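Peer 1: Okay, here's the structure, questions in a sec.
What follows draws every value from the coordinates through simple rules; no lab data is involved. Note that the structure is predicted; figures quoted are calculated from it, not measured. Virtual Cβ from ideal backbone geometry, glycine too; neighbours counted across all protein chains shown.
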There are 2 protein chains.
Amino acid sequence: MGWRARVFVTPKQGVLDPQGKAVQQSLHTLGYPEVAEVRIGKFIELRLADVSRDSVETRVREMCDRLLANRVIENFSFTIDPENP
Amino acid sequence: MGWRARVFVTPKQGVLDPQGKAVQQSLHTLGYPEVAEVRIGKFIELRLADVSRDSVETRVREMCDRLLANRVIENFSFTIDPENP
């Protein structure tokens, strides 16, 4: 049985997010004035081969730290679930 | 009280995801051979002003359909929660 990890990478609070600003303005233009803020990050889905639960958590955290997120300007979080057969 | 919507936009199954392939190869190079697949999508957080629960759901779905996701090649899903004060 493998695992499915879902990683959420978001710009840190205080870091400028011009893409989010652009989307917010477009939403206003399209008629959604209720949109007060937009922040755009990445959603990364990983399928992982069979390893132990503890090990998969440690290793996904490592992957985020080393490659998937830029810790200077981004935060990350993730969930791990057993993969459906 | 406002709302916080979290939108997940993912490439459809069968649609090529070269960015995901590149990240997968980098993870292999970094010593994570257990990574069987990587798909990269967008994670969009919206802060929304005070509207009714029903209305916010309808309107966020509309925003996804009209702007946030490209329905030809992407799927989307979202969650909506009351915003912490």
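Peer 1: Given the conditions (1) outside any loop (DSSP other than H, G, I, E, B); (2) more than 7 Å from chain A (Cβ to nearest Cβ), and given that B:Met1 satisfies all but one, which numbered condition is not satisfied?
Peer 2: With (1) outside any loop (DSSP other than H, G, I, E, B); (2) more than 7 Å from chain A (Cβ to nearest Cβ) applied to B:Met1, the lone miss is (1).
Peer 1: Do we have A:Leu48 as closer than 23 Å to B:Leu30 by Cα and within 11 Å of chain B (Cβ to nearest Cβ) here?
Peer 2: When the stated conditions are applied, A:Leu48 passes them.
Peer 1: Going by the structure shown, is A:Phe8 free of Cβ contacts under 8 Å to residues at least 40 places away in the same chain and touching a Ser or Thr at 6+ places or on another chain (Cβ under 7 Å)?
Peer 2: Spelling it out, it is not the case that A:Phe8 is free of Cβ contacts under 8 Å to residues at least 40 places away in the same chain and touching a Ser or Thr at 6+ places or on another chain (Cβ under 7 Å).
Peer 1: In addition: Could you figure out which of (1) facing chain A (nearest Cβ under 9 Å); (2) of a type in the set (Val, Ile, Thr); (3) assigned to a strand (DSSP E or B) isn't true of B:Ile80?
Peer 2: The number of the failed condition is (1).
Peer 1: Would you confirm whether or not the range B:10-30 contains a residue that is out of contact with any His (no Cβ under 7 Å at 6 or more places or on another chain), part of a strand (DSSP E or B) and under 30 Å from A:Ser52 (Cα atoms)?
Peer 2: Yes, the range B:10-30 contains at least one residue that is out of contact with any His (no Cβ under 7 Å at 6 or more places or on another chain), part of a strand (DSSP E or B) and under 30 Å from A:Ser52 (Cα atoms).
Peer 1: Can I ask one more? Which residue out of A:Gly20, A:Gly31 is closer than 14 Å to B:Glu45 by Cα and of a type in the set (Gly, Ala, Ser)?
Peer 2: Checking each option against the conditions leaves just A:Gly20.
Peer 1: Within the range B:13-45, take every residue that is hydroxyl-bearing (Ser, Thr, Tyr) and facing chain A (nearest Cβ under 7 Å) and give me the one that is surrounded by the most Cβ atoms within 10 Å (Cβ to Cβ).
Peer 2: B:Tyr32
Peer 1: Go through (1) touching a His at 6+ places or on another chain (Cβ under 7 Å); (2) within 27 Å of B:Gln13 (Cβ to Cβ) for A:Gly41 and report which single condition fails.
Peer 2: (1)
Peer 1: Any idea which residue in the range A:57-81 is surrounded by the fewest Cβ atoms within 10 Å (Cβ to Cβ), counting only those that are within 22 Å of B:Ala22 (Cβ to Cβ) and of a type in the set (Val, Ile, Thr)?
Peer 2: Of everything passing the filter in the range A:57-81, A:Val72 is surrounded by the fewest Cβ atoms within 10 Å (Cβ to Cβ).
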